[in-house]
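Take a look at the structure below.
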Amino acid sequence: MGDGEGLVARNLVKRFSGNRPPAVDGISLSVSRGEVLSIVGPNGAGKSTLIQMLLGLLVPDSGSIRLFGVDVTRHRRKIAHRINYASTDLSLPYSLTVRENLDVFALVYDLPDPRRAVDRILETFSLVPLARIRVGKLSTGQIARLGIAKALLSSPDILFLDEPTATLDPEAAQEIRILLQEHVRHSCLGLVYTSHNMREVERLSDRILLIESGKMVAEGTADELCRKFESSDLESVFLKSMSEARQHRNGSEHDEKGSGCE
Amino acid sequence: MSEISESRELPIRRPVSLLAIRPLAGILLRQLYLYRRSLPRWMEIFYWPLLDLLVWGFLTLYLKQGTVHMAGTAQALLGGLLLWDMLYRSQQGISVVFLEEIWSRNLYNMMVAPVTPFHIIFGAMLTGILKVSLSSGVAVFLAWSLFSYSLFSLGLSLVPFVLGLVVMGWALGIMTTALILRFGQEAEVLAWGVIFLFQPVSAVFNPVSVLPAGFRQVAFFVPASHVFEGMRAVLSGKGFPWHDLGWAFLIDAVYFAGALYLFHRVLERARRTGFSLKLGS
């Protein structure tokens, strides 16, 4: 894939403290339009740090990130309108209604026909009956749906979603998955996705990136990873790969300590 | 069977008494833990009494001089109060806009959007102008209808007075916001209190000449002190205070440039060290 076709990150390293290992250590990845890449790893593996760097909000210590050929770290403003982000850690102002919130973001993203764009996204996400309701009165599932609606309002080319279904019941999560799949298929949306729900990752992803302690453990399709780790499903792949990665890391540390003694 | 008989022997805990000490101790301990790690909270304990004492102490010194013309002083007090409120509202305009985004966990959505933080600042300034216009409009009307005091008695000089104070408020609002972004919600108290740090040296209710020497020197570097000195000059018929306003705008420019620089540095740091997604959650 050429640099101009999507997101290409190479050898990203980010260290927050000199005496601790890097939060992200030499990760490379690429996503093109119409493709879903899931980033999977345990808590503290470096997923959120990686996404912050890909969004251009955090400067890597080394490595490069190019989005449609543009250096994200240096020229974020040139491509900021082509990306968007949603996370369960975020919300929208509770005192504004669903429609008012989307109206604000339609203006912030300088959409040419804000009213139509908001009407369209309300319809797509079945939010029309909730349009006049304040966000504070919505259920967790409805807020998550609104967050993704906000993220898709600007018709981004690449969308970053950080555990978007973490707080949802299975039915609401399934609704979100279907909507996302439709957008990927019809709007050629590139999706970078993190989740701890392995079944969801398996269903949604074209490729999966497994990371542990900031390092890439494996990358491939769900089938490829299952074959590689001789497992029947992605959950087993996750457990096995993480266990192997930790053993490998502990082994290396032990070796290093051992050689130090000698 | 033996398990059941064992469980029956367990002591049955009684409901918590209304006079129980431990729950009270728990609530006290929760606050002590909070204060143990929070310098801003400790500062707040001493901050307000000290500032109140200084402001009203300096006013008392002024009134004790015996040279005060009561009618003119009453006008200056009301004028000072109305203008001070404009300064306060313009600072709040900026800080509260950011705090609203933090409280609603929406700031990160804004950072991701294709706007710069400076768009948010300038948007906040516009919001501030609207708020100042509304709140001061009401206050000026009430002062006129209830106390027969018209702020417009300051004439055309009112315009630069207001502008000088609003710009200082913006600068302090931007600085406060930068500190909140840097130190998190611990620094939130600054949004409500930082402006009052400047009140004793702003000579709002008394001339600068009343202040002790050290305070007078500090007051020189506060734009508001020049504005309020100018206001008193106008009220005592000394004409348009070019000199005072010149200093006010010059120092305002320094404050504003410094605030933008600080804000820029905080954002640069956040890009290196990470911006908390959970800021405000």
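Can you name every residue in region A:104-129 that is within 14 Å of chain B (Cβ to nearest Cβ) and acidic (Asp, Glu)? Listed by number, the list holds a single entry, A:110. Take residue A:11 and tell me if it is buried (at least 19 other Cβ atoms within 10 Å of the Cβ) and in contact (Cβ under 8 Å) with a residue 12 or more places away in the chain. In short, no. Count of region B:16-36 residues, restricted to those that are in a helix (DSSP H, G or I) and among the hydrophobic types (A, V, I, L, M, F, W, C), is 8. Restricting attention to region B:76-103, the residues being open to solvent by less than 10 Å² (accessible area, probe 1.4 Å) and either more than 14 Å from chain A (Cβ to nearest Cβ) or free of Cβ contacts under 8 Å to residues at least 40 places away in the same chain (or both) number 9.
Conditions tested, residue by residue: (1) modelled with pLDDT under 90; (2) crowded, with 18+ Cβ neighbours inside 10 Å.
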position: B:241; (1), (2): yes, yes
position: B:246; (1), (2): no, no
position: B:251; (1), (2): no, yes
position: B:257; (1), (2): no, no
position: B:261; (1), (2): no, no
position: B:277; (1), (2): yes, yes
position: B:281; (1), (2): yes, no
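Of all residues in region A:47-83, those being more than 7 Å from every other protein chain (Cβ to nearest Cβ) and either free of Cβ contacts under 8 Å to residues at least 40 places away in the same chain or in a strand (DSSP E or B) (or both) number 17. Checking each residue in region A:241-253 for being closer than 21 Å to residue A:43 by Cα and either among the polar types (S, T, N, Q) or crowded, with 19+ Cβ neighbours inside 10 Å (or both) picks out A:241, A:242, A:243, A:245, A:247, A:250.
Residue-wise test of (1) out of contact with any strand residue (DSSP E or B) (no Cβ under 8 Å at 6 or more places or on another chain); (2) at negative phi; (3) among the small types (Gly, Ala, Ser); (4) open to solvent by less than 30 Å² (accessible area, probe 1.4 Å).
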| position | (1), (2), (3), (4) |
| --- | --- |
| A:58 | no, yes, no, yes |
| A:61 | no, yes, no, no |
| A:66 | no, yes, no, no |
| A:83 | no, yes, no, yes |
| A:91 | yes, yes, yes, yes |
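Among the residues of region A:139-161, the ones that are outside any loop (DSSP other than H, G, I, E, B), open to solvent by 10 Å² or more (accessible area, probe 1.4 Å) and within 12 Å of chain B (Cβ to nearest Cβ) come to 2 in all. Mind checking whether some residue in region A:210-219 is within 14 Å of chain B (Cβ to nearest Cβ), more than 30 Å from residue A:60 (Cα to Cα) and either in a loop (DSSP other than H, G, I, E, B) or at pLDDT 90 or above (or both)? Within region A:210-219, not a single residue is within 14 Å of chain B (Cβ to nearest Cβ), more than 30 Å from residue A:60 (Cα to Cα) and either in a loop (DSSP other than H, G, I, E, B) or at pLDDT 90 or above (or both).
Each residue in region A:119-134 was checked for being more than 16 Å from residue A:151 (Cα to Cα), part of a helix (DSSP H, G or I) and hydrophobic (A, V, I, L, M, F, W, C), and 2 pass. Exactly one residue out of B:210, B:266, B:204, B:234 is touching a residue at least 60 places away in the same chain (Cβ under 8 Å), crowded, with 17+ Cβ neighbours inside 10 Å and farther than 21 Å from residue B:62 by Cβ: that is B:266.
If only one of B:53, B:19 is modelled with pLDDT of 90 or more and away from chain A (no Cβ under 14 Å), which one is it? Exactly one of B:53, B:19 is modelled with pLDDT of 90 or more and away from chain A (no Cβ under 14 Å), namely B:53. Evaluate the following for residue A:212: is it out of contact with any strand residue (DSSP E or B) (no Cβ under 6 Å at 6 or more places or on another chain), touching a residue at least 60 places away in the same chain (Cβ under 8 Å) and of a type outside the set (Val, Ile, Thr)? Considered against the rule, which asks whether it is out of contact with any strand residue (DSSP E or B) (no Cβ under 6 Å at 6 or more places or on another chain), touching a residue at least 60 places away in the same chain (Cβ under 8 Å) and of a type outside the set (Val, Ile, Thr), residue A:212 comes out as yes. When B:162, B:201 are checked against the criterion of being part of a loop (DSSP other than H, G, I, E, B) and either on the phi < 0 side of the Ramachandran plot or in contact with a strand residue (DSSP E or B) (Cβ under 7 Å, 6 or more places away or on another chain) (or both), a single residue qualifies: B:201.
Evaluated against (1) touching a residue at least 12 places away in the same chain (Cβ under 8 Å); (2) of a type outside the set (A, V, I, L, M, F, W, C); (3) within 11 Å of chain B (Cβ to nearest Cβ), residue A:17 falls short on exactly one condition, (1). Checked against (1) within 27 Å of residue B:245 (Cβ to Cβ); (2) open to solvent by less than 20 Å² (accessible area, probe 1.4 Å); (3) touching a helix residue (DSSP H, G or I) at 6+ places or on another chain (Cβ under 7 Å), residue B:113 passes all but a single condition, namely (1). Number of residues in region B:113-150 that are more than 23 Å from residue B:100 (Cβ to Cβ) and touching a residue at least 60 places away in the same chain (Cβ under 8 Å): the value is 3.
To keep it simple, each residue is scored yes or no on (1) within 14 Å of chain A (Cβ to nearest Cβ); (2) in contact (Cβ under 8 Å) with a residue 12 or more places away in the chain; (3) under 22 Å from the mean Cα position of the chain (by Cα).
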site: B:200; (1), (2), (3): no, yes, yes
site: B:218; (1), (2), (3): no, yes, yes
site: B:227; (1), (2), (3): no, yes, yes
site: B:255; (1), (2), (3): no, yes, yes
site: B:270; (1), (2), (3): yes, yes, no
site: B:274; (1), (2), (3): yes, no, no
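Just to be sure, is residue B:189 in contact with an Asp or Glu (Cβ under 8 Å, 6 or more places away or on another chain) and open to solvent by 20 Å² or more (accessible area, probe 1.4 Å)? Considered against the rule, which asks whether it is in contact with an Asp or Glu (Cβ under 8 Å, 6 or more places away or on another chain) and open to solvent by 20 Å² or more (accessible area, probe 1.4 Å), residue B:189 comes out as yes.
The values are calculated or read from the model by the stated rules, or taken from the named source; none is laboratory data. Values in this document were obtained by computation on a predicted structure and should not be read as measured data. Cβ: placed from backbone, ideal geometry, glycine included. Neighbour counts: every protein chain shown. Ligands, DNA and RNA are excluded from the accessible area calculation, which covers all protein heavy atoms including side chains. Shrake-Rupley method; radii C 1.70, N 1.55, O 1.52, S 1.80 Å.
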